[in-house]
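Data first, discussion second: the structure below is written as structure tokens.
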Amino acid sequence: MLQEVKTHFTALKQRANNHPVVFLDGPAGTQVPDQVIETMVRYYHQSNANTHGQFANAHETDEMMQQTRADVASFLNAPDEGCISFGQNMTTLSFALARSFGRIFKPGDEVLITQLDHEANRGPWLTLRDQGIIVREIRVKPEGVLDYDDFKQKLNERTRLVCVGGASNFTGTVNDLALIRQATYQSGAWLLVDAVHYAPHFLIDVQQLGCDFLLCSAYKFYGPHVGILYAKPGLLSQLPTDRLRTQDPVAPYRIETGTLNHAAIAAVQGAIHWMASWGEGTALRDRLDQAYQRIRAHEYQLARKLYEGLTHLPGVTVVGPDMDVALRAPTLSFYHNRLTAEMVCRKLGEEGIFAWDGHFYAIRAAEVLGLLERGGVTRMGISMYTEPEDIHRTLAVLAEIC
């Protein structure tokens, strides 16, 4: 069924150096379907106005905002739309949360972060050290997975917050969130999950997960640049967030500063419904559930093909777990024993194959794994619109390069 996905994207018809483009850069942001772009354009054409006005376009914006919150709540299986806040991006929301936590945490309180995470789920929490809060790192093992024994040893009665990623954008590792949640329950700490790289590939259920806070970004799942925050009912209203006196002081508005990007938020709703269109059923959540089953099967099949091809290339070492683990994101990073990642990506780009080089803001992971000094890795990501021919052609070009 996903064979038709590519026809939904005008962007995928591009050519580079007279080659059809292969987009393997999805981990840094997916391409956007025409239908989602049209949602944003339609908002500007028909509904463009600020909220809470006494006229038609303002009413339409109010209704769109409420419905989008409800649809995001279905996307995450949140209890209701009051749990869903929007922001410029995940990083901005994380800094806002960090400032809020810093006003209620005391010197000597502890926060746990990981060496594996994107810097957006590390840097904001590291600023808390300036206030005497102890921030500890959970180690990452050489194979690119978290050291859960180290996590259990560092979690204690002084731990107030544990910040962990759902999936690594560097190694493709999917973290054991159930184990982490159980341990944080026992310690009494809050759990915050960065699901930016997890959300495009695995359907999120915040109630089953039991997290207190979860962040993701629509530009990773075929939408625009909008940050999304889920907060468990009652929690956001406890936090002393930055806000103007004119701002509604209750959740979900409590952390939303200034005028939001309404057109982009309309397109978030469009992206969720577009993904759900690949499933069947009456309820949005049911359609999303079926769609994600198809997405996962499609992406895993192609990721395995890419993984097996990479492992047979001379001089290439794949970073992170193999494809036989229970869960793995369809994101593959590798390095060559002679060529830098920049050289590999430049040569791929000349052939119309778009891939990333570097550390991808998971700079601590690259550093700990000994890959930063060599210029990081080459990263390739499978998306809904990736096709078998894309993988075949990429491996053929890589064989020439290597």
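Computed values, structure above
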read-out	value
Qualifying residue in the range 111-123 (condition: closer than 19 Å to Gln182 by Cα, of a type outside the set (Ser, Thr, Tyr) and under 21 Å from the mean Cα position of the chain (by Cα))	yes
Leading residue by the ranking (surrounded by the most Cβ atoms within 10 Å (Cβ to Cβ)) among those in the range 132-174 that are free of Cβ contacts under 8 Å to residues at least 24 places away in the same chain and either in a helix (DSSP H, G or I) or touching a His at 6+ places or on another chain (Cβ under 7 Å) (or both)	Asp150
Test: residue in the range 7-15 that is assigned to a loop (DSSP other than H, G, I, E, B), at pLDDT 95 or above and assigned by TED's automatic domain parsing to the domain that holds Phe202	no
Check on Gly309, surrounded by 16 or more Cβ atoms within 10 Å (Cβ to Cβ) and without any contact (Cβ under 8 Å) to a residue 24 or more places away in the chain	no
Selected residue (only one of Ala291, Ala297, Ala267 is part of a helix (DSSP H, G or I), free of Cβ contacts under 8 Å to residues at least 24 places away in the same chain and in contact with a Ser or Thr (Cβ under 8 Å, 6 or more places away or on another chain))	Ala291
Counted residues, the range 357-372 - those being surrounded by 22 or more Cβ atoms within 10 Å (Cβ to Cβ) and among the aromatic types (Phe, Trp, Tyr)	1
Positions within the range 16-40 being in contact (Cβ under 8 Å) with a residue 60 or more places away in the chain, of a type outside the set (Gly, Ala, Ser) and assigned to a helix (DSSP H, G or I), in sequence order	Pro27, Gln35, Val36, Ile37, Glu38, Thr39, Met40
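Each row is one residue, and each column tells you yes or no for (1) surrounded by fewer than 17 Cβ atoms within 10 Å (Cβ to Cβ); (2) not in a helix (DSSP H, G or I).
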| position | (1), (2) |
| --- | --- |
| Thr92 | yes, no |
| Ala98 | no, no |
| Phe105 | no, yes |
| Gly108 | yes, yes |
| Ile113 | no, yes |
| Asp130 | yes, no |
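The values are calculated or read from the model by the stated rules, or taken from the named source; none is laboratory data. If you're wondering where the values come from, they're calculated on a predicted model, not measured in any experiment. Glycine gets a Cβ as well: all are built from the backbone with ideal geometry, and neighbour counts include every protein chain shown.
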